[in-house]
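The values are calculated or read from the model by the stated rules, or taken from the named source; none is laboratory data. Since the structure is predicted, the reported quantities are computational estimates derived from the model, not experimental observations. Virtual Cβ from ideal backbone geometry, glycine too; neighbours counted across all protein chains shown. Calculation scope for accessible area: heavy atoms of the full protein, side chains included, ligands and nucleic acids excluded. Shrake-Rupley method; radii C 1.70, N 1.55, O 1.52, S 1.80 Å.
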Amino acid sequence: LAGYKKVDDDISRIAAECGGYHKVPEHIMSKYQKLDVERTMCLYLFFWPRIISNRKWHDCYQTELDLIPTSMRMERRGLMVHRRRTLTMMDDLQREVDQVRADIIKVVGRRINPGSDEQLRDLFYRTYEFPVYERTGKTRSPSVGKEVLLRLREETHHPTIDLILKYRSYTKGITTLQSYLDLADKEDILRPTINTCAAITGRQSSENPNLH
C-alpha cells in the first residue's frame, strides 16, 4: 500500500544463517524493526477511516482491543496441572502403546518400529504394495502422513493402518502431557503465551505449551 520493499524474507534468511533472530546483527535488526513500525502505522492510517465509518467493523475492532488485557490476565493467572492425575494418564497411555506394539507384531508377523517413517514405507509400499497417493517434498519418498493413512484405510481396510494411527495418537498424548509437566512452574501452574490473532480461523491459540 505504501510502496515498502518486503524485507522479511531477507531477515528470515539472515536469522537462519545466524542461528536465530536474537543473533541477527543489531544494525540489521534495528532497520527491520523500524520498518515494521512504519508499515504498521501506514496500515493504521489506511484502515482507520474505514473502520470508524462502519459500525460493525468498529465494534469488531473494539472487541479485539478488549480481548488483549483479558488474554494477558489469563496468561498471568495460568492453568494448574494436576500432576498425579497427569502421570496416571501417561501410564494408561503407555500401556495402550505397549498393547498396540504387540498387536502390530501379530498382524505384520515381525517386529517393526511404528514410529519410523522409513520402516512404514518399507512395509506399506514394498511388502503390502499399497498405491502411492502422495510423495514428500524434498526426497519424493512415498508419504506416510495422516491424510494418506486415512485414505489407505478407506481403500484397503488393512488392520495395520488403524494400529499405526492409534500408536501415533497415544504417543503424541504422552509427549503432550509430558510437556505440560516440563513447562509447569514449581506450583504446577502453566502460563502459556496466548495468541489473540495468530490462527487463520480467528480463534485464539497458545504456545509454550500449545493447549489446543
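General remarks:
- Computed from point charges on the beta carbon alone (+1 for Lys and Arg, -1 for Asp and Glu), the dipole magnitude for the chain about its Cα centre is near 100 Debye.
- Under the Karplus curve 6.51 cos²θ - 1.76 cosθ + 1.60, θ = phi - 60°, whole-Hz ³J(HN,Hα) for segment 55-61, x wherever Gly or Pro sits: 4, 5, 5, 5, 4, 5, 4
- In terms of Cα atoms, the Rg and Dmax of the chain work out to 24.2, 69 Å.
- Scalar couplings 3J(HN,Hα) for segment 25-41, obtained by applying the Karplus form with A = 6.51, B = -1.76, C = 1.60 to θ = phi - 60°, are x, 4, 5, 6, 5, 4, 5, 4, 5, 5, 4, 4, 5, 5, 5, 4, 5 Hz; x denotes Gly and Pro.
- The length gained by stretching the chain between residue 125 and residue 55 to full extension, at 0.36 nm per residue less their Cα-Cα distance, is 19.4 nm.
- Label-point separation, residue 102 to residue 30 (7 Å along Cα→Cβ), nm: 6.5 nm
- Cα-based shape type of segment 92-212, given that a ≥ b ≥ c are square roots of the gyration tensor eigenvalues and the cut on a/c is 1.5: oblate
- In this structure the amide hydrogen of residue 206, modeled in the peptide plane, comes within under 5 Å of the amide hydrogens of 195, 211, 212, none closer than 5 places in sequence on its chain.
- Summed over the residues of the chain and divided among them, the accessible surface reaches 72 Å² per residue at a probe radius of 1.4 Å.
- Global form of segment 1-119, assessed from the alpha-carbon gyration tensor, a/c cut-off 1.5: prolate
- For segment 4-14, 3J(HN,Hα) per residue [Karplus equation, 6.51 cos²θ - 1.76 cosθ + 1.60, θ = phi - 60°, Hz, x = Gly/Pro]: 6, 7, 6, 10, 4, 5, 5, 5, 4, 5, 5
- Solvent-accessible area of the chain (1.4 angstrom probe, protein heavy atoms only): carbon and sulfur portion equals 53 percent.
- DSSP-loop chymotrypsin sites (Phe, Trp or Tyr not before Pro) across segment 48-131, with at most 16 other Cβ within 10 angstrom: 128
- Charge dipole (Cα centre; +1 on Lys/Arg Cβ, -1 on Asp/Glu Cβ; no other charges) of segment 95-212 amounts to roughly 320 debye.
- Rel. contact order, % - alpha carbon contacts under 8 angstrom, at least six apart, segment 83-187: 36 percent
- Computed from label points 7 Å out along Cα-Cβ, the spacing between residue 185 and residue 150 is 3.9 nm.
- Across the options 71, 14, 43, the greatest Cα extent toward the positive end of the charge dipole of segment 1-84 (unit charges at beta carbon of Lys, Arg, Asp, Glu) belongs to 71.
- Loop GluC sites (Glu not before Pro), segment 81-166 (other Cβ atoms within 10 Å of the site Cβ: 11 or fewer; DSSP): 129, 134
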